[in-house]
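*Asks:* Before I ask anything, here is the structure I am working with.
Each reported figure results from applying straightforward, stated rules to the coordinates on display, with no laboratory input. If you're wondering where the values come from, they're calculated on a predicted model, not measured in any experiment.
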Amino acid sequence: MRGLDTTSDSSTSELEVIGVCIQLLTYGSGIVPTRKTFIGWANEVARKLKSQQVAGRIKDSNALKILGVVNYLCKVNWTL
């Protein structure tokens, strides 16, 4: 998950960030099967994705919308 860290030499692309968002939204709990573990892991990933947005690496309006969904789900503990 270090690849999502925001550093001055980070080469994380907008496409990679949006790919992680889609992966979380479609099969995140299958990647980390224990619910409690998934929530902690997903929240950490969501924080890193948000930092990519703050750093200005996410510019596409649709990518920002998907990132917004991930951030919302993080706030509500991944429950609807």
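*Asks:* Subtract the Cα-Cα distance of Ser61 and Thr37 from 0.36 nm times their separation in residues, and report this length gain in nm to one decimal.
*Replies:* Extending this stretch completely gives an extra 5.6 nm.
*Asks:* Multiply the residue gap between Arg47 and Val69 by 0.36 nm, knock off their C-alpha separation, and tell me the result in nm, one decimal place.
*Replies:* Gain on stretching Arg47 to Val69: 6.6 nm.
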